[in-house]
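J.: Could you have a look at this structure, given as structure tokens, before my questions?
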Amino acid sequence: MNQQTNIRSTADYQAMDAAHHWHPFSDMADLNRKGSRVISSAQGVWLTDTDGNRFIDGMSGLWCVNVGYGREEIVEAVARQLRDLPYYNTFFQCTHPAAAEFAEALANVAPPQMNRVFFTNSGSESNDTVFRLARVYWDCLGKPSKKIFIGRKNGYHGSTATATSMGGMAAMHGQSGLPFNGFAHIDQPYWYGEGRPEGLSPEEFGKLRAKQLEAKIDELGEENVCAFIAEPIQGAGGVIIPPESYWPEIQRICNEREILLITDEVICGFGRTGSWWGAETYGVTPDLMPIAKGMTSGYQPMGGVFISDKVAGPVMEKAGEFYHGYTYSGHPAACAAGLASLRILQEEKLVERVRDVLAPRMAKLWAGLADHPLVGETRTRGFLGAIELVKNKETGERFDGDLGVGGMARDLSVGKHGLVMRAVGDTMIASPPYVMTEEELDEMAARARATLDDLA
Ligand code: PLP
């Protein structure tokens, strides 16, 4: 147990929390009735709460702790950095060794067309940066009318007002009168969720969904469209893995039309899909790539944007100052954490481990769950997995929030079987740390099945 922070009882923490802590993405009245689970320490892939219960973290926190918990190398690197230089800015012609080194290390693993990174503090800020930079790019090319961003329904790009507008989460839009003007959305390539449309193979479906981009560009006028942004695999939307036909068609359209292609790599980046970038997995060449999460494995808050030479060139030549940045852009401690995390990924060959060991094993285990009476479909790609829950296996009828089965599944899994997965509606999703052993992965699948048995 963590002696340093865990000095009061669970009930005390819950009471303090209920009285004063407003949680992100939470129904606070409901949460305060139930009481928060208080996680106080973690090691490897295991979380421990203040009552001493242990859970397999099937979500790497929020898709970020890719190198696992308790990595002393990162802790040491951050502590050393805080002693040497806890803070200095990267504005006004200043830098520091950690920012310079991390930028170079990132460029070395980035796709070949990307040689520069702009540092932010989160994925949301990365997408706000993308929004401003892409518009400046077209201004520099003498095409200031190209302002509209096309995203996807049910896509997630963060929670600031701009990132919410880019994303396509209806509930988020509805609550605050978004999206802003200047954003449009096409349908997602969600074969299962769209009822497996009759007469269409997944590949035909994927291609049709991609072609919506072409139609949307025509509708809005190519001269008004700035960029298309999408997650290589939609994460928060429910681990929606596109048919193989989807991305090549998107790339074709972006090549033929004059718009920027942006792959949001906040989840897919740093090895999650079995190669360094989701774009690499799907063979596409983006112009901008927002990153975060796995960038520091969650040991420090950080995000960034990889900028292609194509975009950097005209902006550096013509825009003069880019009036954009954050006090903590390139924060020394975050850079130190990022460097240490990147070294672990490289030295322990964890991206290769995802590709060669974890992804095939997860695919097999997830396929093994598909025979369960409550499971309509399972799918995986890299070290991402989804289980679609259905009320009726024969008809494919969904729970559609009935009994909040997703929430129930989550409560059961967290409470009883010591496994944390996330529920998105009726879809249970997983994104475990890359250091998970094969035995732990088998155990995770067994616990997922036990949870499903409880629901059946
Ligand atoms: N983009 C994607 C694809 C994400 O999944 C997320 C967060 O889950 C974000 C952006 C926003 O990142 P952050 O929560 O760090 O602002």
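Every number in this text was worked out from the coordinates using simple rules, so none of it is lab data. The shown structure was predicted, so the numbers you read here are calculated from the model rather than taken from an experiment. All Cβ positions, glycine included, derive from the backbone under ideal geometry; neighbour counts span all protein chains shown.
J.: Excluding S145 itself, what net charge comes from residues whose Cβ is under 11 Å from its Cβ, given Lys and Arg +1 and Asp and Glu -1?
T.: +1
J.: As a test of the definition: which semi-axes, in Å, follow for the stretch 194-285 when you take the square root of five times each eigenvalue of its alpha carbon gyration tensor? Largest first, please.
T.: Output for the stretch 194-285: semi-axes of 21, 19, 11 Å.
J.: If Lys and Arg each add +1 and Asp and Glu each add -1, what is the summed charge of the other residues whose beta carbon sits under 12 Å from the beta carbon of G303?
T.: Once positives and negatives cancel, what remains is -3.
J.: Next question. Tell me, how many Å apart are the Cα centres for the stretch 187-247 and for the stretch 342-386?
T.: Cα centroid of the stretch 187-247 versus Cα centroid of the stretch 342-386: 23 Å apart.
J.: I've got another one for you. I need T427, T263 ordered by Cβ neighbour count within 10 Å, fewest first.
T.: Listed from fewest to most nearby Cβ atoms, that is T427, T263.
J.: Moving on. Kindly provide the pair-distance distribution of the chain built from C-alpha pairs, with 10 Å bins from 0 and whole-percent values in order of increasing distance.
T.: Taking all Cα pairs of the chain, the binned fractions are 4, 20, 30, 28, 14, 4, 0 percent.
J.: Hey, another quick one. Do the alpha carbons of any pairs in K364/K393; K207/K318; K310/K364; K349/K416 sit beyond 30 Å of each other, and which pairs?
T.: On the way: K364/K393 20 Å; K207/K318 38 Å; K310/K364 41 Å; K349/K416 34 Å.
Flagged as over cut-off: K207/K318; K310/K364; K349/K416.
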